[in-house]
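In what follows, a structure is listed as structure tokens, so that the remarks can point back to it.
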Amino acid sequence: MHFSVTLDPVQQLKTGTLVLGIGEDLTLSPSGQQLDQASDGALARVLATGDIQGKTGQTLLVNGLPGIAAQRILLVGLGKEPELADRHLRRVMGSVLAQLKPLNSAQATLLLDSLQVKDRSSASTAALACETLASGLYSFDRFKSEKAEPAKLDHIQLLTDPANEQAVHQACNEALAIAAGMQVTRDLGNLPPNICHPRYLAERAREMATGNPALSVEVLEEKQLEELGAGALLAVARGSDQPPRMIILNYQGGNTDQQPNVLVGKGITFDTGGISLKPGAGMDEMKYDMCGAATVLGVMTAALQLKLPINLIGVLTCAENMPSGGASRPGDIVTSMSGQTVEILNTDAEGRLVLCDALTYVKRFNPKSVVNIATLTGACIVALGDKTSGLMGNNDELIGQLLSASREAGDAAWQLPLFDDYQEQLDSPFADIANIGGPKAGTITAGCFLSRFTKDYPWAHLDIAGTAWISGGKEKGATGRPVPLLTRFLLDQASAH
Ligand code: BES
Ligand code: MN
Ligand code: ZN
């Protein structure tokens, strides 16, 4: 998919489809009025039929209007508000794409003035629209004998005005990079766990660095992890025949003296629960337990494509959580890289174990910020469902930056409290800390566990258990979230220098 920006008169655009947004009051935007005039009132007559009422996501395809160079107009409903409500834009673009996909037409043009979202700049609306369209064509059929026919649509044009031209252009570039990053994350998430294991992820990280002088990759294997004292990560990995890997990507886009932003992703390539075995139903979805790691590779992809002028470290902390004679038992005590001892009361709380050693490891980078991303707790799905990622941390400024990036990116996240009062749930009679709390506030106590290892830098934790993939059904698959949120965060970091 590629994007271009045009300022030409709307009636002269030789495009396959003009996409014109219309609210329930059926008033036409300036470009809509121009089309109506050029067609001698034909557009108003279409509206007068009552075939479209402007309801959110409703569409009507109108072919061959006189006086208009485009082949057809796609009217799309924006809902009750005279201006499109923010949270509806993705849904609206979804129905636009559903209409455009089957058409025998390579190009469509968005009339931006008719798709304007409340409280959002024209460029920002364009970015969201582009990202939705670019990532909406995603399909994963690598393991199907019969491949899906690719859609004809491959060029989106945006009609805007001279004042917004530059910004819209820039926004589309960013959206394309985000879409490319999401694709990497989704592909990795969707891969089966017999293929996508820790060594595979290391190989993919290495691939990213080849031919990219700004990016270097280091992969730590068991021996090095032992020397580093990564006892928590190693304890998880010992139940599996797949060896663990800690994968470190170092992107130098800024000055050497600039502190790096660090992303740490949970990379459990399959989570059976270990000896605290999970129930069988739906266990296949635990192949998605590496979506935090896949997010780091996705964001790195976007950062490289945008040549962000920042330093960025990505760490993927990877293992497979299996039951075997080598697996850790409930009651085992291990020593983490930080020196803190951990009593493993539940081997299914393995994410925090692989993360804590990575979070200790990254201290050496003197980070400006550390954000970890993890499919960490089922409790997060209970609390926030599958629309919103959980956000916790030890630094209000960082949390504020992430929430603002989340809003801007249309990639929802919500803060949960890490009040001290929750910490006592992690008390162990035998070790410094237990790896689970009680049944209450499971997402928060997981965050509390991580907070014991992140005292030396501004830190935030994104629990993406609900948002990283769509569970079951026809739409089952990785979502590519929170690549939009984190890429926006890094774009903001880059523009702050
Ligand atoms: N990977 C899971 C969390 C998860 C479960 C994400 C379902 C998405 C859907 C994690 O490793 C886990 O098993 N967490 C346990 C923690 C508990 C033992 C304290 C959980 O949520 O049940
Ligand atoms: Mn688990
Ligand atoms: Zn897990």
Gain in length, Asp241 to Val382, computed as 0.36 nm per residue apart minus the alpha-carbon separation, to one decimal in nm? 47.5 nm
Using 7 Å Cα-to-Cβ label points, what is the Lys101/Asp119 separation (nm, one decimal)? 3.1
Just to confirm my numbers, what's the Cα centroid distance between the range 320-347 and the range 175-251 in Å? 21
Identify the residues of the range 436-461 with backbone N under 17 Å of a label point that sits 7 angstrom from the Cα of Asp421 along the Cα-to-Cβ direction, or state none. 438-446, 448
Which of Pro150, Ile52, Met93, positive extreme of dipole for the range 38-169 (C-beta unit charges): Pro150
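Consider all pairwise Cα distances in the chain and report the whole-number % of them above 29 Å. Display every interim value, and only then the final one.
Details: 63161 of 123256 pairs.
In whole percent, the long-distance tail amounts to 51.
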For the chain, the longest principal axis of the Cα atoms and the Cα long axis of helix 396-409 enclose an angle in degrees, to the nearest 10, of 40
Treating the angle as unsigned and between 0 and 90°, give the value, to the nearest 10°, between the Cα long axis of helix 442-451 and the longest Cα principal axis of the chain. 70
How far, in nm, would the chain grow between Lys14 and Asn395 when pulled straight, counting 0.36 nm per residue and subtracting the alpha carbon separation? 132.0 nm
Heads up, the range 1-138 by the C-alpha gyration tensor (a ≥ b ≥ c square roots of eigenvalues; a/c under 1.5 rounded, else a/b over b/c prolate, else oblate) looks rounded
Packing-based exposure ordering (other Cβ within 10 Å, fewest first) of Ile68, Ile247, Ile52: Ile52, Ile68, Ile247
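Would you mind putting 4-11, 343-350, 390-397 in packing order, based on average other-beta-carbon counts within 10 Å, highest first? Each step should come with its number before you reach the end.
Numbers: 4-11: 15.5, 343-350: 22.2, 390-397: 18.8.
Taking the mean over residues of other Cβ atoms within 10 Å, the ranking is 343-350, 390-397, 4-11.
Compare the peptides 290-296, 259-265 by average per-residue count of other Cβ atoms within 10 angstrom and give them in order, highest first. Show your work: numbers first, answer last.
Details: 290-296: 32.7, 259-265: 26.3.
Packing proxy ranking, top to bottom: 290-296, 259-265.
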Filter the cross-link list Lys118/Lys147; Lys440/Lys474; Lys278/Lys476; Lys307/Lys368; Lys266/Lys363; Lys55/Lys387 down to pairs whose alpha-carbon distance in this structure exceeds 29 Å. Lys118/Lys147; Lys440/Lys474
Which lysines have a Cα less than 18 Å from the Cα of Lys14, not counting those fewer than 8 places away in the same chain? Lys152
Count the DSSP beta bridges whose two residues both fall in the chain, then state the antiparallel fraction as a percent rounded to the nearest 5. 40
Could you tell me the calculated FRET efficiency between Ile195 and Asn346, based on Cβ-Cβ distance and R0 = 30 angstrom, to the nearest 0.05? 0.60
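Shape verdict for the range 221-320, please, from the Cα gyration tensor: rounded (a/c under 1.5), prolate (a/b greater than b/c) or oblate.
Details: a/c = 3.65, a/b = 1.70, b/c = 2.16.
It comes out oblate by the Cα gyration axes.
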Under the 7 Å Cα-to-Cβ spin-label approximation, Arg329 and Glu475 lie apart by a distance in nanometres of 4.5
In nm, spacing of pseudo-spin labels at Tyr138 and Glu83 (7 Å Cα→C-beta vector): 3.0
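Every number here is computed from the coordinates shown, using simple stated rules; none is lab data. In this text, all values refer to a predicted model and were calculated from it rather than measured experimentally. Cβ coordinates were reconstructed from backbone atoms using ideal geometry, including for glycine residues, and neighbour counts include every protein chain displayed.
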